1. So residue 116 fits all but one of (1) crowded, with 21+ Cβ neighbours inside 10 Å; (2) on the phi > 0 side of the Ramachandran plot; what number is the exception?
2. Filter the stretch 90-128 down to the residues that are within 24 Å of residue 167 (Cα to Cα), in contact with a strand residue (DSSP E or B) (Cβ under 9 Å, 6 or more places away or on another chain) and in a helix (DSSP H, G or I) and list them by number.
3. Determine if the stretch 2-14 includes at least one residue that is touching a helix residue (DSSP H, G or I) at 6+ places or on another chain (Cβ under 9 Å), assigned to a helix (DSSP H, G or I) and surrounded by 14 or more Cβ atoms within 10 Å (Cβ to Cβ).
4. For the stretch 50-64, does any single residue satisfy the condition of being closer than 20 Å to residue 149 by Cα, within 16 Å of the ligand (Cβ to nearest atom) and touching a strand residue (DSSP E or B) at 6+ places or on another chain (Cβ under 6 Å)?
5. I need the full set of residues from the stretch 123-144 which are within 14 Å of the ligand (Cβ to nearest atom) and over 13 Å from residue 17 (Cβ atoms), in order please.
6. Against the definition (within 14 Å of the ligand (Cβ to nearest atom) and outside any loop (DSSP other than H, G, I, E, B)), how does residue 168 come out, yes or no?
7. Could you grab me the full set of residues in the stretch 13-41 that are within 12 Å of the ligand (Cβ to nearest atom) and closer than 14 Å to residue 72 by Cβ?
8. Among the listed residues 122, 78, which satisfies the condition of being at pLDDT below 95, under 17 Å from residue 140 (Cα atoms) and surrounded by fewer than 22 Cβ atoms within 10 Å (Cβ to Cβ)?
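The values are calculated or read from the model by the stated rules, or taken from the named source; none is laboratory data. Remember, it's a predicted structure, so these values are computed and weren't measured experimentally. We place every Cβ from the backbone using ideal geometry, glycine too, and count neighbours over all the protein chains shown.
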Ligand code: S3P
């Protein structure tokens, strides 16, 4: 495919890997729309992600995530899409992403140790890890969970080593893949 034809980029990766910040930077630098699945779900439900998990449960969240992704991909124009950390790992989400014409899926890959360091100060905002009361427990959780999820993340079109790089650097690296 001609580099210039690719105008749809979806960023995936574990919680805390920087998907949202990097996606927004790419979108603003290239004049593309920025879309975030979590924000769409929050808007639709008029609840935060944490509230959806506590009030309606994770299964409900995953169902909405799948429906919103389908709707987004069916109507997507030139955009940078920031996915939730679990999005490619549930239902037919990865398949839908892979089958969307002109869309390239990019995995922001960080080590479990770096993810743990980033996530430790913000566990309370994240329903999947809010119960973990020590950094050791968080580290153990992230290692196991990342191991399970890498199977999906690694099917991305591009795998970017995001360790020790700023969001600015990562946005430029991704832009250089396509433009
Ligand atoms: C989740 C990650 C979150 C959000 C939800 C579930 C996950 O998104 O979708 O809490 O399963 O990893 P971020 O990766 O943007 O934090």
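1. (2) is the only condition that residue 116 fails.
2. Once the filter is applied, which keeps residues that are within 24 Å of residue 167 (Cα to Cα), in contact with a strand residue (DSSP E or B) (Cβ under 9 Å, 6 or more places away or on another chain) and in a helix (DSSP H, G or I), the stretch 90-128 yields only 97.
3. Among the residues of the stretch 2-14, not one is touching a helix residue (DSSP H, G or I) at 6+ places or on another chain (Cβ under 9 Å), assigned to a helix (DSSP H, G or I) and surrounded by 14 or more Cβ atoms within 10 Å (Cβ to Cβ), which makes the answer no.
4. Scanning the stretch 50-64 turns up no residue that is closer than 20 Å to residue 149 by Cα, within 16 Å of the ligand (Cβ to nearest atom) and touching a strand residue (DSSP E or B) at 6+ places or on another chain (Cβ under 6 Å).
5. We begin by selecting, within the stretch 123-144, every residue within 14 Å of the ligand (Cβ to nearest atom); these are 123-132, 138, 141-142, 144.
123, 124, 125, 127, 128, 129, 130, 131, 132, 138, 141, 144 - these are the residues of the stretch 123-144 that are within 14 Å of the ligand (Cβ to nearest atom) and over 13 Å from residue 17 (Cβ atoms).
6. On the way: within 14 Å of the ligand (Cβ to nearest atom): no; outside any loop (DSSP other than H, G, I, E, B): yes.
Spelling it out, it is not the case that residue 168 is within 14 Å of the ligand (Cβ to nearest atom) and outside any loop (DSSP other than H, G, I, E, B).
7. Passing the criteria: 23, 36, 37, 38, 39, 40, 41.
8. That would be 122, the only listed residue that is at pLDDT below 95, under 17 Å from residue 140 (Cα atoms) and surrounded by fewer than 22 Cβ atoms within 10 Å (Cβ to Cβ).
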